[in-house]
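I have placed the structure first, in the form of structure tokens, so that the comments after it can refer back to it.
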Amino acid sequence: MKKTSLIILAAVVMYTTGCKKDSEFLDVQPTAVLTNEQAFSDPAQVLSILADLYNRQLDFSALDNGWESFADFSESFPSANGNVNIVQRNEWNFDSWQSWDYGYVRDLNLFIERAAVAKTLSDADRKRFLAEARFLRANFYFELAKRMGGVPLILEPLLYNFSGDPTYLQHPRAKESEIYDFVISEAEAIKNDLPVNANEKSRATKGAALAMEARAGVYAGSIAKYGVNTPQVSLPGQEVGIPASMADGYYTKALNAAKEIINGTAGAYSLYNKKPDLGENFASLFLDKSGNPESIWVEDFKLKSGKVHNFTVSNQPRYGAEEEEGGRINPSLNLVQSFEKLDNTFAPIPVTDGSGNPIFYNTQTDIFAGRDARLYGTVILPGTAFKGRNVDIWAGYQLGDGSIITGDDRGAQKTLPGQTNPTQVVGFDGPVNSKEFTAQSGFYLRKYLDPTPGAGSRGTNSEVPFIRYRFAEVLLNAAEAAFELGQKGDAATWMNLVRARAGLTTPLAASDITFDRIVHERRVELAFEGHILYDMKRWRLAHVVWDGNKMTVTDLVSNIGSATKRNTQPYALWGYKLYDPSSPNNGKWVYKIVLPSLVTGSNRFRLGNYYSFINDDIRANNPKIVRQPNQ
Amino acid sequence: MKRSILYITIIILAVSCRKDNYDEPSVRLSGRLVYNGDPIEVEYNQVRYELYQYGFGKTGPMASVFAPDGSYNMVLFNGEYKFIIPNGQGPFKWKQTPAGAPDSTTIVVNGNQEFNIEVTPYYMIRNAQLTGSGGSVTGKFSIEKVINDASAKDIENVTLYINKTQFVSGADNIATKSMDGIDITDPDNVNLTVTVPTLNPAQNYVFARIGIKIAGVEDRIFSSVTKISL
């Protein structure tokens, strides 16, 4: 009896506790993966998802994606033996600069879809998150359009139904103008959902949306206007090329968006003007992270967080650096000489006087005197300092008879005639031909170089941000749009603001504003900020400026300031100290223009380079994708 | 022990190695760009052509470039191929479909084959005579305008190039001499002279050729590369 009841009891217990339906039994919540609902339940959680999407934005040149991305286009010489192909190749491949990252677009679309339906997010949070994701998506489509022209405009996550027929997922390329229309309309749609806060730099703000809109407007406007110069660079379906009739509409939109930032409705942005020395001031603009009023949207970095960059390690002056490396980007003389004189005129760096005799300078920096302060802020000139220490850039001694005594290693020593002891005959920072990490062009880069102790060491690195949009560029966009719309007075006003900050205090009159001026101003203000390629492309100047012909010194020093000036090979400026005890010029400096011997190629931008190659596998998977012209 | 490793190795070698499933392609298709039988010469590595073969799933181009003398050659399997020259390539016109895409030419490959590509150039360089004397190179030639209809294009410039190697073009040269199209008074008798710079290391010959840049066309048409003794 006892046994029976025990068995019954056991059976009851087992039945009530042991049996679950299969579906229930197998339905175990994973402990390591969040469901969509969980992931979008908490604002901090959503922000961390968004942070990943921010991180995946595409920049032409970014401080953390290799110094090489800054080094091309004859604006600098690459002083690293592994990268001299930049100045030895004769042309760019058709697939240069291509991007087709629809994985990222899908993730952005998924984020927008999920954040829109998340139940527990407050409306304010949701509005901001959605606006930020739409900003990132619009900005990425803008990046794609710069590289590829019209691309398929996918605005929702696509799902394959495994039917064996994927044709419904194959979307053709949108028109190039439609991508720009999308960027502009998105900016308008989201600008009021984003915070108005000039101190918010790394997340999207109203200022960032408007800055993107202004830039997209001038890009589309100039492609429409100047596309007539290259009728071959177009496709019948307008996937590439924008009709000229649309130019004014785009310029107007750009102007209005830029005006909103300039008149302060998007936050208190202004030009950076904290330091009395204008050259130092321009350099600090890229370094100052505390209340910098100029930067609008940046890719930020933080020490000891894992997100740091080694740009300073790669490019710091080599002599006395924290690591035995640096000096990779050497700005070219082509760029250096394009900085104006303070009277608003263009002139080559005066190496010789009118009758062809060399000019002797008392100090190394005298030859660069009286120029645009942005020259000092962008380039480390010989005779100037970084971190309070003068760089040691000089190429050797020149004797009275014109012969040269120099060495083939950094700081090499030789005995000068009439002396008994060897003395240093070349700078510790070079220039020495083919000696990597020395200033082979005679210059180092200053922009972005972080003077903070430790920034030049591999173990610490730097947290200087990369500025994607800044107020000065907004002013230049406004000036360009106004110029193209015939409002030269406004164009002059805005350009003069930017120029006055650089020490060019004589204002340009409305009649001085020309297309060449616009092109020039962007080149010097925005050097090494990832603009030169896209600017030259949208103005359809790229195949003219980089035409593949070699340059002579005469080419180099003539027509400075002309938008169509050839710029195919980076030249160098080497300084020598005169050693001639009998001469009154003994100990003075003389300069020579040289082409670094490693420069054997000349840049040729082919018509097929205007829009990057779309890979064969992409076109094989989706036959609706038409190929780029001239490839 | 050692011996067993040897045996195992022998057995593995004996049973495991077979040839690949397919022989490599071995049929040579070659030819050159011609206009009425006259060769058309182009710049090194600049003028592309593409072959397509359908019937094997996804299609992609087998792309290559014409050699400086306008020749091409490819090693293929026997079969039917479609040949195109992409739009915007070459100093000549290639036939197009009404929609503006490059039209294709069908080539049936069955054994080694020569197949010349007939195109219509905008201009031809005729009777090019390149001679060297006294440290300079002189090119004499005449220009024939081939396309005279509505799609005719002007000459932007003509250039004489010299180089130390047989690759002679705008990108690869040691000296050039150009004349703008509007300065050409007599297309039947064009003269260009270029001074040979000091060669380092010295050599007693250079290579020269003449190129015509046609307005609105990226690729130049060239004369033959000529070796000139100095």
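The values are calculated or read from the model by the stated rules, or taken from the named source; none is laboratory data. None of these values were measured; they are calculated from a predicted model. Please note: Cβ atoms are built from the backbone with ideal geometry, for glycine as well, and neighbour counts cover all protein chains shown. Ligands, DNA and RNA are excluded from the accessible area calculation, which covers all protein heavy atoms including side chains. Shrake-Rupley method; radii C 1.70, N 1.55, O 1.52, S 1.80 Å.
Some values worked out for this structure:
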item	result
FRET efficiency, B:Ala202 to A:Asn199 (Cβ-Cβ, R0 56 Å, nearest 0.05)	0.25
Chain B: C-alpha gyration tensor shape, a/c 1.5 cut-off, then a/b vs b/c	oblate
Exposure rank, largest accessible area first [A:Val498, A:Val33; 1.4 Å]	A:Val33, A:Val498
Estimated FRET transfer efficiency when R0 is 35 angstrom, pair B:Thr120-A:Asn161 (beta carbons, to 0.05)	0.10
Highest-first arrangement of B:151-157, A:390-396, where packing means the average Cβ count within 10 Å	A:390-396, B:151-157
10 Å Cβ neighbours from other chains, averaged over peptide B:86-93	3
Positive minus negative residues near A:Phe182 (Lys, Arg vs Asp, Glu; Cβ under 12 Å)	-3
Entries in A:Lys488/A:Lys537; A:Lys259/A:Lys289; A:Lys387/A:Lys447; A:Lys127/A:Lys289; A:Lys127/A:Lys302 that, when Cα-Cα distance is taken, lie over 19 Å	A:Lys488/A:Lys537; A:Lys259/A:Lys289; A:Lys127/A:Lys289; A:Lys127/A:Lys302
Accessible area, probe 1.4 Å, largest first, for residues B:Met74, B:Met179	B:Met179, B:Met74
Modelled FRET efficiency - R0 60 Å, A:Ala510 with B:Val27, Cβ distances, 0.05 increments	0.30
Size-normalised alpha-carbon gyration radius of the range B:27-120, reference 2.2 N^0.38 Å	1.04
Heavy atoms of A:Lys488 accessible to a 1.4 Å probe, total area in Å² rounded to 10	80
Two-site label geometry, A:Leu110 and A:Ala44: point separation in nm, points 7 Å out along Cα→Cβ	2.4
Solvent-accessible area, 1.4 Å probe, carbon plus sulfur percent, for the range A:289-416	48
Angle in degrees between helix A:488-501 and the longest Cα principal axis of chain A, rounded to the nearest 10	80
Accessible area (Å², 1.4 Å probe, nearest 10) - A:Asp101	60
Mean Cβ count within 10 Å, highest first, over the residues of peptides A:156-169, A:592-605, B:100-113	A:592-605, B:100-113, A:156-169
Angle in degrees between helix A:515-525 and the longest Cα principal axis of chain A, rounded to the nearest 10	80
The range A:430-481, accessible area per residue, ligands and nucleic acids excluded (1.4 Å, Å²)	20
Per-residue SASA entry for A:Thr345, accessible area with 1.4 Å probe, Å² rounded to 10	60
20 °C / 1.002 mPa s Stokes-Einstein diffusion coefficient of the protein assembly as shown, Kirkwood radius on C-alpha pairs, µm²/s	69
B versus A: buried accessible surface, summed, Å² (probe 1.4 Å, to nearest 100)	1500
Per-residue mean of C-beta atoms belonging to partner chains within 10 Å, peptide A:229-236	2
Centre separation in Å (Cα based) which lies between the range A:435-494 and the range A:60-118	18
Computed over the range B:122-229: relative contact order in percent, which uses C-alpha pairs under 8 Å that are six or more apart	32
Quotient of Cα Rg and 2.2 N^0.38 Å for the range A:1-157, N being how many residues it contains	1.85
Residue-averaged beta-carbon neighbours from other chains (10 angstrom radius) around B:211-224	1
Spacing of the two label points (7 Å from each Cα toward its C-beta) at B:Ile184 and A:Gln424, in nm	5.9
Order by protection proxy (mean Cβ within 10 Å, highest first), peptides A:550-557, A:22-29	A:550-557, A:22-29
Across A:Lys201/A:Lys304; A:Lys146/B:Lys93; B:Lys93/B:Lys213; A:Lys550/B:Lys164; B:Lys93/B:Lys145; A:Lys225/B:Lys153, pairs whose alpha-carbon gap is larger than 18 Å	A:Lys201/A:Lys304; A:Lys146/B:Lys93; A:Lys225/B:Lys153
Average projected area [Cα convex hull, the range B:122-229], square nanometres	6.6
Helical contribution to [θ] at 222 nm, DSSP H n ≥ 4, -39,500 (n - 2.57), averaged over chain B, rounded to 500	-2000 deg cm²/dmol
By accessible area with a 1.4 Å probe, ligands and nucleic acids excluded, highest first: order of A:Phe515, A:Phe311	A:Phe515, A:Phe311
Accessible area (Å², per residue) of chain B, counting only protein heavy atoms and a probe of 1.4 Å	55
